[in-house]
Amino acid sequence: MIYSDTEVSSRAELRAIQDGRLAETVAHAYENVPHYRDALDEANISPGDIGGVEDVSKLPFTTKEDFRDNYPDGMFAVPRAELARIHASSGTTGKPKIVGYTDSDLGIWREVMARSLSAAGVEPEHVVQNAYGYGLFTGGLGFHDGVEELGACVIPVGGGNTARQIDMLQDLESEVLSCTPSYCLYLAEAMEDRGIDPHDLALETVIIGAEPFTDPMREEIEEALGVTAVDVYGLSEIIGPGVSIECAEAQDGQHIWEDHFYPEVIDPETGEPLPEGEEGELVITSLTKEALPVLRYRTGDMTTLNYEKCACGRTMVRMGNVTGRADDLLIVRGVNVYPSQIEEVMIDLDAVAPHYRIDLTRDGQLDRMKISVEYHENFEDSPAELRDRIDSCLREILDVKPDELEVVEPGTLERTEVGKVKRVFDHR
Ligand code: DLL
């Protein structure tokens, strides 16, 4: 269901809103954040040069390094006393990125999350079991507030705690579950182990995000649980979950809430904006944030933009689902390897469970790549034969051969119960 009229406003109306808000955001950032003042001065741009979104590409990019250099709160544009909440990104390396919100920012977050949930098919009478982690991670509280804003009922189970999670799904008949795709698969397996058929649950929709997944993995989730799986995207630096989401009607790209987040796609090498439909790095400018305005933030996430009106009636641009990050690229013996290429092979093979890991080590000057993969419980041939099959599929898509390919028993590889799955272990 369409939650707010803005979602169906004409492109011209939307453009007018974006123009005004962009000019205000640039002025706010320039006046209150030394980093932006220096960056704009250095680029010879003054806030008055930015009349609207047609001028956005004049602005310098903001990067993850800028957050790191200004740790913890140097990117904030309001005094401490005006902050209402602080979260942090779940960065796996180095210091986390600290992000702050004023009351108004929290209100906007609630609104975009309510829109997102509504687009996913959540209705006020539904019970939403929220299995995203609560705490500094934006997933838990972001979903929580959005469910309340929509007027639905939230069960704040949080991440992990699988036995209780399953009890709640059964006893409280949750219609909606929100969690990472890897945890969703883990839950499905855990139910199977306990002899519970997920198709007997009241569950209709799962809202998965916070980490990349491929279409075959989504199909696996939809089949295992008998649900519609909707992809939700977001990042702490911009607000958290709720930057964009698929609509349940089309499940064909994620609507970006463009009245709050202005998107561009650029060539990650040259920084040049790319035309509609070409894949590149997503760059986002916040249009309404007070505590942490962000100008042309390089998300690192690879996607495309599609401005065609959607079957659901929404006019807001859709981004393609993010299957990888610009910095995901692994260079193995000088050859480019994207983990998503390996994942696609694994998931296409019925005999293989969607659990695998890639280990990279260095032997003297030489990179070594080991891939470990679990076979599926119902698989009946010999693991050696399966190994050969995977090997030939990998050869077709990779320009570098794994040095070791290991097929292991179901349940061998470590699962993530909380947070985001880690599949690549680069020990080099
Ligand atoms: O993961 C916010 C979030 C919470 C999104 C719950 C969706 C659901 P961070 O911890 O800052 O924030 O991580 C952001 O996660 O730049 C992407 O690389 C990745 N990511 C988030 N959503 C998706 C998705 C939250 N749907 C980083 N598909 C982003 C692929 C995703 N990657």
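Accessible area per residue for region 1-325, computed on protein heavy atoms with a 1.4 Å probe, is 38 Å². The slack in the chain from ARG164 to ASP348, taken as 0.36 nm per residue of separation less the alpha-carbon distance, amounts to 63.1 nm. A straight chain from GLN365 to ALA12 at 0.36 nm per residue would run longer than the Cα-Cα distance by 121.4 nm. Quick check: the angle from helix 138-150's long axis to the longest principal axis of the chain, C-alpha only, nearest 10 degrees? Roughly 70 degrees between the two axes.
As an exercise, use a Förster radius of 25 Å and the Cβ-Cβ distance of TYR134 and ASP103 to find the FRET efficiency, rounded to the nearest 0.05.
0.80
Taking a ≥ b ≥ c as the square roots of the Cα gyration tensor eigenvalues, with a/c under 1.5 meaning rounded and otherwise prolate when a/b beats b/c, else oblate, which class fits region 288-428? Judged from the Cα gyration tensor, region 288-428 comes out prolate (a/c at least 1.5, a/b above b/c).
Solvent-accessible area assigned to carbon and sulfur over the chain amounts to 45 percent, based on a 1.4 Å probe. Helix 162-171 axis versus longest C-alpha principal axis of the chain: approximately 80°, rounded to the nearest ten. Against the main long axis of the alpha-carbon atoms of the chain, helix 181-193 sits at an angle near 30°. Against the empirical curve 2.2 N^0.38 Å, the C-alpha radius of gyration of the chain lands at a ratio of 1.00. Local charge for GLU272 was computed over the other residues whose Cβ lies under 15 Å away, with Lys and Arg +1 and Asp and Glu -1, and equals -4. Taking every alpha-carbon pair under 8 Å whose residues sit at least 6 apart, the chain reaches a relative contact order of 14 percent. Give, as a single signed number, the net charge of other residues whose beta carbon lies under 14 Å from the beta carbon of ASP197, with Lys and Arg counted +1 and Asp and Glu -1. Combined, the nearby Lys, Arg, Asp and Glu give -4.
Can you give me the relative contact order of region 329-426 as a percent, contacts being Cα pairs under 8 Å and 6 or more apart?
It comes to 32 percent, rounded to a whole number.
To the nearest 0.05, what FRET efficiency results for GLU377 and ALA88 with a Förster distance of 30 Å applied to their C-beta separation? So, using R0 = 30 Å, E works out to roughly 0.20. With a simple spin-label model that places each label point 7 Å from the Cα along the Cα-to-Cβ direction, the separation between LYS309 and VAL335 comes to 4.8 nm. Lysine pairs in region 1-325 whose alpha-carbon atoms fall under 26 angstrom of each other, counting only those eight or more residues apart or on distinct chains, come to 7. For the chain, the Cβ-based charge dipole about the Cα centre amounts to some 1400 debye (Lys, Arg positive; Asp, Glu negative; other atoms uncharged). For the chain, what proportion of DSSP beta bridges, expressed in % and rounded to the nearest 5, is antiparallel? Looking only at bridges with both residues in the chain, the antiparallel portion is about 60 percent. Kindly identify region 215-348 as rounded, prolate or oblate by the Cα gyration tensor criterion: order the square roots of the eigenvalues as a ≥ b ≥ c, call it rounded if a/c is under 1.5, otherwise compare a/b with b/c, prolate if a/b is larger, else oblate. Because a/c hits 1.5 or more and a/b fails to exceed b/c, region 215-348 counts as oblate. The residues of region 329-426 expose, per residue, 54 Å² of accessible area to a 1.4 Å probe.
Between ALA43 and ILE196, the distance separating the two model label sites (each 7 Å from Cα on the Cα→Cβ line) works out to 5.0 nm. A straight Cα-to-Cα reach below 17 Å connects LYS401 with the aspartates and glutamates GLU343, GLU344, ASP359, ASP363, ASP367, ASP388, ASP391, ASP426, residues fewer than 8 places away in its own chain not being considered. Candidates ILE86, GLN18, ILE331 compared by Cα position along the dipole of the chain: farthest toward the positive end lies ILE86, with charges placed on Cβ. FRET efficiency for the ALA250 to GLU31 pair, using the beta carbon distance and R₀ = 51 Å, is estimated at 0.80.
May I ask you to list the GluC sites (Glu not before Pro) in region 325-428 that are in a DSSP loop and have at most 11 other Cβ atoms within 10 Å of their Cβ?
Answer by residue number: GLU380, GLU414.
The values are calculated or read from the model by the stated rules, or taken from the named source; none is laboratory data. Since the structure is predicted, the reported quantities are computational estimates derived from the model, not experimental observations. Because the Cβ atoms are built from the backbone with ideal geometry, glycine has one as well, and the counts that use them run over all protein chains shown. The accessibility values were calculated without ligands, DNA or RNA, using every heavy atom of the protein model including side chains. Shrake-Rupley method; radii C 1.70, N 1.55, O 1.52, S 1.80 Å.
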